[in-house]
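Since the structure comes first, as structure tokens, the remarks are kept for the end.
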Amino acid sequence: MSQFFLYLGLVFVAIGILIIILFAVGKSGEGKAEVGVGGFIGFIPFGFATSKSTLYVAISLSIVCLAIFLVLSR
């Protein structure tokens with residue numbers, strides 16, 4: 001079962017890198033880029049972002065990942 005999650009994680013990383021490359025090549029010079037990072041220190045969520053909406057998405061994804069981790073660890 002742990003091998004499955006390892007391969008699933010690698011597939012998600014590869015898809016993410018592919019999406020970033022496709023958008024970087026396809027939209028050269030157009031639009032703006034927004035960046036957001038979220039995580040946890042202990043049980044306290046934190047996030048950094050270039051806009052408020054991106055911050056909400058980053059923290060929401062962090063909370064969803066924490067919930068998935070807690071469900072799968074039981």
Percent of Cα pairs exceeding the 22 Å cut-off, where the set is the chain: 41 percent
What percent do you get for the relative contact order of the chain when only Cα pairs under 8 Å and 6+ apart count? 20 percent
What do you get for the angle between helix 2-26 and the principal long axis of the chain? Use alpha-carbon atoms, 0 to 90 degrees, nearest ten. 10 degrees
Sorted from largest down, give the three principal axis spans of the alpha carbons of region 32-74, whole angstrom values. 41, 17, 11
Once both labels are modelled 7 Å past Cα along the beta-carbon direction, what's the I15-E34 spacing in nm? 2.2 nm
Among 51-61, 2-12, 37-47, what's the highest-first ranking by average C-beta atoms within 10 angstrom per residue? 51-61, 37-47, 2-12
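No value in this document is a laboratory result; all are computed from the given coordinates. Computed from a predicted structure; not experimentally measured. When we count neighbours, we look across all protein chains shown, and the Cβ atoms used for this are built from the backbone with ideal geometry, even at glycine.
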